[in-house]
Amino acid sequence: MATKDLAPIAPIGARRREDGRYSWLARLKHDVTARKHPQGAPGGPAGSGRPAPVKAKATAIKAAQSRPLTWKTAVKRATVLAVAGVAIYLVLPKLTQVLASWPRLSTLSPVWFTAAVAAELVSFTCNFSLQRLALQTRGWFAVVTAGLAGNAVTDSLPGGDAAGAAIQFGMLSAAGFDTDTAVGGLTAFSLLGIGGLLALPVLALPAMLAGAPVSPGLAHTALLGIAGFILFVIFGVVLLRADWPLAAVGRAAQGLRNWITRGHRPPLTGLASRLLAERDTIRTVLGEKWWQALLLTAGRLGSDFGCLLCVLRATGAHPRPSLVLLAYSATGIIALLPITPGGLGIVEASLSGLLILAGVHPGAAVLATLAYRVASYWLPLLAGPPAYLFFRHRYGTPTTQPADPQGTDTDPQHRPRADGTTA
């Protein structure tokens, strides 16, 4: 549910971070000329033959980083901060109740809590493996340290998805990776994660049909999740196989945007063709690595859910796993909304309440929620600064290069390699 992100599905809070961060990357549309990069460093991805939309998005990231702060940007950031503050204020009683259970962590079973931390470690490992697939590399150090540092930024700042993505991609670039090629893969894998999350209630359906007692609230959650999964599959298949729905959406969005900004900004053109080109990029990535991404996504979700089951056993509770699965999936869907950093307060309030509906004693539900968040949110958050320092020790301080408005590489002979040297 916590980062595992540039990202996107990890533990409930991380999953939201991962997906929100990848969604932010996917929304970065900038009409720039595609650049040609030299071959990637040994151990990193190849630097040639990338689709133009993917390169354009990567260039847009650098352009956004080099742009001066405007009053509109300041207003947007202030609005995000205000919304996060109001959300935390509304869930503050439940958040305080969960955090107040901190002294009771000593009453947890050491064996089961250790198993919970190990399960979360496996979940993060699957998440970093997905990023390695997107980056087309076998190395771990740069991927893990950049992921943890970006996750820490995302989980500590309101609306920190963009900032976390910028930190992570800047570190990967400093390590010699051509991150242009990773944007399409990360977007595709995050969509798989959302589909897997929506599919979780389907796994609890046999127990419900067998007559297992389910509270009305969880039953409604299961039905909504199943309906959402069916719609996700239908729309996904249609968009991947047919051009006209996505083209129609692009033309409608383009027309609406041009109507709203008429007289203030130049008209937007070619949005439908760009959406189709990006769809083709995602389809290509899924076609080549879909089975690996599917297994790693299942491993990430399954291990994270296993962490929750272990902390429940550590409290002495023995709820039905099918009911806990419904509570987990519902909390994960709620946490996808980028309201507070890492779902802080939102996850605590929703998960503890849903666990009570699943038949867990209120005291055990609150304690299990805290233990789960320690493993999936707080420990990875604390690992971010040391990961950044280790990265700096090997590669130096990551720097953000300003985007070239013509999309050309001003110094193609001096790109850093994955070993920290320059070409």
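The values are calculated or read from the model by the stated rules, or taken from the named source; none is laboratory data. Since the model is a prediction, treat every value here as computed from it, not as a measurement. Glycine also receives a Cβ, built like all others from the backbone with ideal geometry; neighbour counts cover every protein chain displayed.
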Handout entry: Single unsatisfied condition, Leu231 versus (1) at pLDDT below 80; (2) surrounded by fewer than 14 Cβ atoms within 10 Å (Cβ to Cβ); (3) over 25 Å from the mean Cα position of the chain (by Cα)
Key = (3)
Exercise for the section: Just give me the residues in segment 98-126 being surrounded by fewer than 17 Cβ atoms within 10 Å (Cβ to Cβ) and over 20 Å from Leu381 (Cα atoms), in sequence order. Expected result: Pro103, Arg104, Ser106, Thr107, Ser109, Pro110, Val111
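So which residues in segment 134-157 are surrounded by fewer than 20 Cβ atoms within 10 Å (Cβ to Cβ) and either within 16 Å of the chain's Cα centre (by Cα) or assigned to a helix (DSSP H, G or I) (or both), if there are any at all?
Those that are surrounded by fewer than 20 Cβ atoms within 10 Å (Cβ to Cβ) and either within 16 Å of the chain's Cα centre (by Cα) or assigned to a helix (DSSP H, G or I) (or both): Phe141, Ser156, Leu157.
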Practice task
Return yes or no: is Thr269 under 30 Å from Ala364 (Cβ atoms) and among the β-branched types (Val, Ile, Thr)?
Solution key: no
Completion exercise
Counted residues in segment 281-337 being buried (at least 18 other Cβ atoms within 10 Å of the Cβ), over 23 Å from Gln131 (Cβ atoms) and small (Gly, Ala, Ser) come to 6
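For (1) in contact with a strand residue (DSSP E or B) (Cβ under 6 Å, 6 or more places away or on another chain); (2) at pLDDT 90 or above; (3) not in a helix (DSSP H, G or I), each residue gets a yes or a no:
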residue	(1), (2), (3)
Phe305	no, yes, no
Leu309	no, yes, no
Leu323	no, no, no
Tyr328	no, yes, no
Ile339	no, no, yes
Glu348	no, yes, no
Leu351	no, yes, no
Leu355	no, yes, no
Val360	no, yes, yes
Exercise for the section: Considering every residue within segment 252-275, establish whether at least one is at pLDDT below 85, hydroxyl-bearing (Ser, Thr, Tyr), surrounded by 13 or more Cβ atoms within 10 Å (Cβ to Cβ) and out of contact with any strand residue (DSSP E or B) (no Cβ under 6 Å at 6 or more places or on another chain). Expected result: no
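Being farther than 25 Å from Gly287 by Cβ and part of a loop (DSSP other than H, G, I, E, B) is the filter here; which residues of segment 237-269 pass it?
Hits for segment 237-269 are Thr261, Arg262, Gly263, His264, Arg265, Pro266, Pro267, Leu268, Thr269.
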